[in-house]
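Engineer: Okay, handing you the structure first.
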Amino acid sequence: MTDLRRFGAQFTYLILSVIGVAISIYLTIAHYDKVPVVCSTSGVINCERVLSSSFSVVPGTSIPISVPGLLWFVVSGTLAVLAWKVWPERRNLKIIETAWFGLGVLTALYLVYAELVYLHNICAWCTALHVIMLVMFLLAVFQLMQPEPYEEEYEEDELEVSQVSSRSN
């Protein structure tokens, strides 16, 4: 069961990372080609207002914030593959994944704050990326809280030993 859970989590991280990469590429291309994204431009959801604001670029540059987002999702996908295929038994890698996903969530919280407080608008594409980051982080925290396979096996062995010794008394 633990292997299935680990496979499921890492596969989910990988799929969500691919989706994040695709959205980030779309937003990056839209920025450099100066074309509007497919999104509402009226009411609270107004991608154009958010994506043309000073919060849409890395401070002090003209690099769209989607580029660091793209890199974040590439690293996330790489971590998922490493944890799934290369070092599946490494708890340290789970901790690194969780910390990395947490960094993404902290960044997303800052960007959502900027959208709501300063811009009074939300970008649907950005929100999709933020939700993906949050799901990855919550899943990583859940996975980190799960007992390691050797802990489960050890507890089962200990239970069997105590049952055998209680029968002999």
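The values are calculated or read from the model by the stated rules, or taken from the named source; none is laboratory data. As the structure is a computational prediction, the values presented were derived from the model and not from experiment. Cβ: placed from backbone, ideal geometry, glycine included. Neighbour counts: every protein chain shown.
Engineer: Could you say which residue among LEU27, LEU70 is closer than 19 Å to MET136 by Cβ and in contact with a strand residue (DSSP E or B) (Cβ under 8 Å, 6 or more places away or on another chain)?
Structural biologist: Result of the check over LEU27, LEU70: LEU27.
Engineer: I've got another one for you. Just checking, how many residues over the range 56-70 are surrounded by 12 or more Cβ atoms within 10 Å (Cβ to Cβ) and either touching a His at 6+ places or on another chain (Cβ under 7 Å) or on the phi > 0 side of the Ramachandran plot (or both)?
Structural biologist: Going through the range 56-70 one residue at a time, the tally reaches 2.
Engineer: Looking at ALA128, ALA114, which is the one that is of a type in the set (Gly, Ala, Ser), surrounded by 14 or more Cβ atoms within 10 Å (Cβ to Cβ) and either at pLDDT 95 or above or within 24 Å of ILE19 (Cβ to Cβ) (or both)? Break it down stepwise before answering.
Structural biologist: Values: ALA128 fails: surrounded by 14 or more Cβ atoms within 10 Å (Cβ to Cβ).
Testing whether each residue is of a type in the set (Gly, Ala, Ser), surrounded by 14 or more Cβ atoms within 10 Å (Cβ to Cβ) and either at pLDDT 95 or above or within 24 Å of ILE19 (Cβ to Cβ) (or both) leaves just ALA114.
Engineer: State all residues of the range 77-118 that are of a type in the set (A, V, I, L, M, F, W, C) and assigned to a loop (DSSP other than H, G, I, E, B); if no residue qualifies, say none. So that I can check it myself, show each step before the final result.
Structural biologist: Going residue by residue through the range 77-118, those that are of a type in the set (A, V, I, L, M, F, W, C) are 79-84, 86-87, 93, 95-96, 99-101, 103, 105-106, 108-109, 111-112, 114, 116-117.
If the condition is that a residue be of a type in the set (A, V, I, L, M, F, W, C) and assigned to a loop (DSSP other than H, G, I, E, B), then TRP87 is the only one that fits.
Engineer: Let me ask another. Please verify whether ILE65 is touching a strand residue (DSSP E or B) at 6+ places or on another chain (Cβ under 7 Å), aliphatic (A, V, I, L, M) and either more than 30 Å from ALA30 (Cα to Cα) or modelled with pLDDT of 95 or more (or both), treating the condition exactly as stated. Don't jump to the end; show me each part of the working.
Structural biologist: On the way: touching a strand residue (DSSP E or B) at 6+ places or on another chain (Cβ under 7 Å): yes; aliphatic (A, V, I, L, M): yes; either more than 30 Å from ALA30 (Cα to Cα) or modelled with pLDDT of 95 or more (or both): yes.
So ILE65 passes the test.
Engineer: In this structure, does THR12 turn out to be in a loop (DSSP other than H, G, I, E, B), hydroxyl-bearing (Ser, Thr, Tyr) and out of contact with any Ser or Thr (no Cβ under 8 Å at 6 or more places or on another chain)?
Structural biologist: no
Engineer: Tally up the residues in the range 119-134 that are part of a helix (DSSP H, G or I) and either of a type in the set (Lys, Arg) or more than 19 Å from LEU27 (Cβ to Cβ) (or both), please.
Structural biologist: The number of residues fulfilling the criteria is 0.
Engineer: Oh, and also: Looking only at the range 33-55, filter to residues that are surrounded by 13 or more Cβ atoms within 10 Å (Cβ to Cβ) and farther than 12 Å from TRP125 by Cα; which one of those is nearest to the chain's Cα centre (by Cα)?
Structural biologist: PHE55
Engineer: Now, a different point. Looking at LEU16 and the list (1) touching a helix residue (DSSP H, G or I) at 6+ places or on another chain (Cβ under 8 Å); (2) without any contact (Cβ under 8 Å) to a residue 24 or more places away in the chain; (3) not charged (D, E, K, R), which single condition is not satisfied?
Structural biologist: (2)
Engineer: If you check every pair at least six apart or on different chains, which have Cβ atoms under 7 Å apart with a residue in the range 84-113 that is over 21 Å from SER54 (Cβ atoms) first and a residue that is outside any helix (DSSP H, G or I) second?
Structural biologist: ARG91/GLU148; LEU93/TRP87
Engineer: Related question: Read through the list (1) closer than 24 Å to GLU97 by Cβ; (2) exposed (fewer than 13 other Cβ atoms within 10 Å of the Cβ), then give the number of the only condition that VAL21 fails.
Structural biologist: Exception for VAL21: condition (2).
Engineer: Further question: Give the residues of the range 24-55 that are assigned to a loop (DSSP other than H, G, I, E, B) and of a type outside the set (D, E, K, R), sorted by residue number. Walk me through how you get there before you give the answer.
Structural biologist: Residues of the range 24-55 assigned to a loop (DSSP other than H, G, I, E, B): 34-40, 42-44, 52-53.
Of everything in the range 24-55, those that are assigned to a loop (DSSP other than H, G, I, E, B) and of a type outside the set (D, E, K, R) turn out to be VAL35, PRO36, VAL37, VAL38, CYS39, SER40, SER42, GLY43, VAL44, SER52, SER53.
Engineer: Please work out if LYS85 is at pLDDT below 95, on the phi > 0 side of the Ramachandran plot, surrounded by fewer than 16 Cβ atoms within 10 Å (Cβ to Cβ) and basic (Lys, Arg).
Structural biologist: Considered against the rule, which asks whether it is at pLDDT below 95, on the phi > 0 side of the Ramachandran plot, surrounded by fewer than 16 Cβ atoms within 10 Å (Cβ to Cβ) and basic (Lys, Arg), LYS85 comes out as no.
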